[in-house]
Amino acid sequence: MNDADRLHNPRVIAGTLAGFEGFQRFSSSVVDPVRSLLPVAVEVEHVAQELLQPTKERLAVLGFFVDDRDAERGRLRVAGPLDRFALLESAESDQAPGFGPLAAAIARAVERRFTDEFDLPLRGRSLRCGRRPLIMGVLNLTPDSFSDGGLYEDPHTAIERAFTMVEEGADLIDVGAESTRPGARPVPAAEEIKRLTPVLRVLTDRLPVPVSVDTMKPEVADRCLEMGVSILNDVSGMEFDRRTADVAARHGAALVINHMRGTPRTMLSGPRYEDPVAEITRTLRDRVEIARQAGVPESRVVLDPGIGFGKRVEDNLDLLAKIEELRSLGRPLLLGCSRKSFLGELTGRSVSDRAFATAATTAHAALRGVKMVRVHDIKETVEVLGVLEAIDERLRLA
Ligand code: HH2
């Protein structure tokens, strides 16, 4: 590298500036000029009719491109370089009452969309969700789960499996005792607790990584959190019973809010979506609010669009294609595609033969800012993420 190259290398400049106060403030534009110029487009919904025209004009004056083809439906699309959106945070309402708050909301949504790192507080410790997604290993203590049903009904085998997954690279273990596959038979709370207790007692005591419990029932959640589980994964997103949020709040646990309409029994004949991404985004936003009112701060929430939960192949693909849009919710995203039936439909492979298909979704998710992947196959996932990380590192050095 010659001197001129060194001078213009963002890493070298960053290194030189690192000792100076204020470096943090302008580091993003110095270190990453490409990022600041990144073209960003956002869709703004529910704009009041009287605000449409002034909003459009003000945004244009501020240098944004505004597409108002859907203005009749209260919808504007706003595009501009990433850094410019920060200007909107302090935009004045002036002659257009309501413009200031709307502009600030757009700025916040864009900022959240590009937030790359989260610290998830977990009852005394915290889980760092960075550029590389965390691996949540699946452990089902059920006789009937769609892919590993019956394999880990014996507590000793289950515990062994959890340790193996951690050795292979799992960052946390998700333990469930009721299958949520379409058509699954509901399990009474007492039976769920009976299956979970011997396994969780050991795992929460000895496993070096956090443990989450996959349950929709507040009484089950309560018992598990008492045993030291630190994350409550409610696949019904509190639709089954809102008290799961109260339980999470009381124990100071993190809460995974998964999107599911209907119940495992009904979800195959479930609702159709006109715009799955928009509808699911809206529902998840409402659910975060319900959790907040129950006492779970947003900082403890992880969001999951619920791949396969009452969704057709095309809905799942839509969600995957536009998964980045959900980042505007401002919370880390979890994705559970592992071995699911839509992958079988796409590849023609049986449940036990969907590791490659799952790996494709993992790579896709990782490249689009998903922070956790819930998978059965840990080794394969570690390899996929390791290769992506190595490429990413080169990109940052370039
Ligand atoms: N998928 C399953 C179960 N729990 N939790 C979250 N947050 N996201 C998911 O996508 C998700 C989940 C279904 O998978 P599995 O546990 O393997 O099967 P079963 O429900 O049949 O036990």
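We did not get these values from a lab; they are worked out from the coordinates using the rules stated. Source: prediction; values computed, not measured. Using ideal geometry, Cβ is built from the backbone for each residue, glycine included, and neighbour counts are taken over all protein chains shown.
Just to check I understand the Karplus step: with θ = phi - 60° and J = 6.51 cos²θ - 1.76 cosθ + 1.60, what whole-Hz values come out for the stretch 52-64, glycine and proline as x?
4, 5, x, 5, 4, 5, 5, 5, 5, 4, 7, x, 9
How far, in nm, would the chain grow between residue 250 and residue 278 when pulled straight, counting 0.36 nm per residue and subtracting the alpha carbon separation?
The residue 250-residue 278 span can extend by a further 6.9 nm.
Any idea what the dipole of the stretch 241-398 comes to, in debye rounded to 20, about its Cα centre with Lys/Arg Cβ at +1 and Asp/Glu Cβ at -1?
Using only the charged Cβ atoms, the result is roughly 440 debye.
Roughly how many debye, to the nearest 20, is the charge dipole of the chain about its Cα centre, given +1 on each Lys and Arg Cβ, -1 on each Asp and Glu Cβ, and no other charges?
240 debye
Output the direction-averaged projected area (hull surface divided by four) of the convex hull of the alpha-carbon atoms of the chain, in nm².
Details: hull surface 89.5 nm².
One quarter of the hull surface, i.e. the mean projection, equals 22.4 nm².
Pairs of alpha-carbon atoms within less than 8 angstrom and 6+ residues apart define the contacts here; what relative contact order does the stretch 114-259 have, in percent?
Relative contact order, the stretch 114-259: 20 percent.
Compute the acute angle (0 to 90°) between the alpha-carbon long axis of helix 99-113 and the principal axis of greatest extent of the alpha-carbon atoms of the chain; round to the nearest 10°.
Orientation of helix 99-113: about 50 degrees from the principal axis.
Under a GNM of the chain (C-alpha, springs under 10 Å), which listed residue has the highest mean-square fluctuation: 300, 331, 292?
292
Counting each DSSP H run of 4 or more residues in the chain as -39500 (n - 2.57), what helix-only mean residue ellipticity at 222 nm follows after dividing by all residues, to the nearest 500 deg cm²/dmol?
Taken over the chain, the calculation gives -13500 deg cm²/dmol.
Efficiency by 1/(1 + (r/R0)^6): what FRET value for residue 197 and residue 167, r their Cβ-Cβ distance, R0 = 22 Å, to the nearest 0.05? Numbers along the way, then the final one.
On the way: r = 24 Å, r/R0 = 1.09.
For residue 197 and residue 167, the calculated efficiency is 0.35.
Once you keep just the Cα pairs under 8 angstrom separated by 6 or more residues, what percentage relative contact order results for the chain? Mind dumping the intermediate values first?
Working: 706 pairs, mean separation 53.8, N = 398.
Contact order relative to length: 14 percent.
Name the residue, out of 272, 368, 113, whose mean-square fluctuation peaks in a Gaussian network model built on the chain with Cα pairs under 10 Å.
Top of the fluctuation ranking is 272.
If one takes the longest principal axis of the Cα atoms in the chain, at what angle in degrees, from 0 to 90 and to the nearest 10, does the Cα axis of helix 155-168 lie?
30 degrees
Pick out, from 342, 121, 62, the residue whose Cα sits farthest towards the positive end of the charge dipole of the chain, with +1 on the Cβ of Lys and Arg and -1 on the Cβ of Asp and Glu.
About the Cα centre, the residue reaching furthest to the positive side is 121.
Beyond a 26 Å Cα-Cα separation, which of these cross-linked pairs lie in this structure: 322/371; 217/340; 217/379; 194/311?
Working: 322/371 15 Å; 217/340 23 Å; 217/379 31 Å; 194/311 31 Å.
With Cα atoms farther than 26 Å apart: 217/379; 194/311.
Using only Cα atoms, find the angle between the long axis of helix 189-206 and the longest principal axis of the chain, and express it within 0 to 90 degrees, rounded to the nearest 10.
70 degrees
Full extension from residue 79 to residue 157: what is 0.36 nm times the residue separation minus their Cα-Cα distance, to one decimal in nm?
Separation in residues times 0.36 nm, less the Cα-Cα distance, equals 22.7 nm.
Evaluate the distance, in nm, between pseudo-label points positioned 7 Å from the Cα of residue 50 and of residue 292 along their respective Cα→Cβ axes.
If labels sit at residue 50 and residue 292, their model points lie 2.7 nm apart.
So which residue, out of 344, 124, 100, gets the largest mean-square fluctuation from a GNM of the chain using Cα contacts under 10 Å as springs?
124
Taking a label point 7 Å from the Cα of residue 321 along the Cα→Cβ vector, which residues of the stretch 290-313 have an amide N closer than 20 Å to it?
Hits in the stretch 290-313 for residue 321 at 20 Å: 305-313.
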